[in-house]
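Heads up, the thing below is written out as structure tokens.
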């Protein structure tokens, strides 16, 4: 997806070990994505080569002994592609309708490694802390209600040495009218959810603020201006592991 239009600027990823679920409040954004779930599932990826490159680069960071958490998984298309490359894969989304569609896909192509669940990306409960080797966040960090809380939760879920792998539309790199006029007007009439006007540096700063070390920043777009940085950040290893 290139992010060259309003609709693509608020798009999400077309991208186990079970933790005990926590009761969640259904937020306005969850209701928005529940309404949009079927249309979202039917939409096509605007930049398919760029999407495939992102999947390929992500696979390079996965391994058969790794436990993976994906936040904001949407209807599960990316999770179904990535789960075969790890030990377990838990894919979550705040929208129950998105997860219902994802579970339908999983029923048609079962994979014992993969589990879909309704969950909030900004909350890391005690059972999820230090549980995952990789946390994936594709096309979702600009849509969460609290970016800092979400990145903190992702960092908390990682084991020492684990990686946060994300790809995020940066509206601040787009036409000024989109984040400052088009998005606010759409939000007034219920046609857009929470959308943050982020830059690449905003994302990097939020990760570093949580103690993550940025490993790589790439751009995979193949159509027009690419405003979606693919960022890999590592949680520092435990002090005792540094001397092993």
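Throughout, read-outs are computed from the coordinates displayed, never taken from laboratory work. No experiment lies behind these values; they were computed from the predicted model shown. Using ideal geometry, Cβ is built from the backbone for each residue, glycine included, and neighbour counts are taken over all protein chains shown.
For region 63-207, the alpha-carbon radius of gyration amounts to 1.09 times the rule-of-thumb value 2.2 N^0.38 Å expected for a compact globular protein.
Each of 51, 89, 61 has some number of other Cβ atoms within 10 Å of its Cβ, and from fewest to most they run 61, 51, 89.
With neighbours defined as other Cβ atoms within 10 Å of a residue's Cβ, the residues 36, 105, 167 order from fewest to most as 105, 36, 167.
The ranking of 116, 230 from fewest to most other beta carbons within 10 Å of each one's beta carbon is 230, 116. Among beta bridges from DSSP that stay inside region 93-244, the antiparallel ones total about 60%.
Averaging 1/r over every pair of different alpha carbons in region 131-244 and inverting the result gives a Kirkwood radius of 15.1 Å. Computed from the C-alpha gyration tensor, the three semi-axes of the ellipsoid equivalent to region 99-175 are 23, 19, 12 Å, from longest to shortest.
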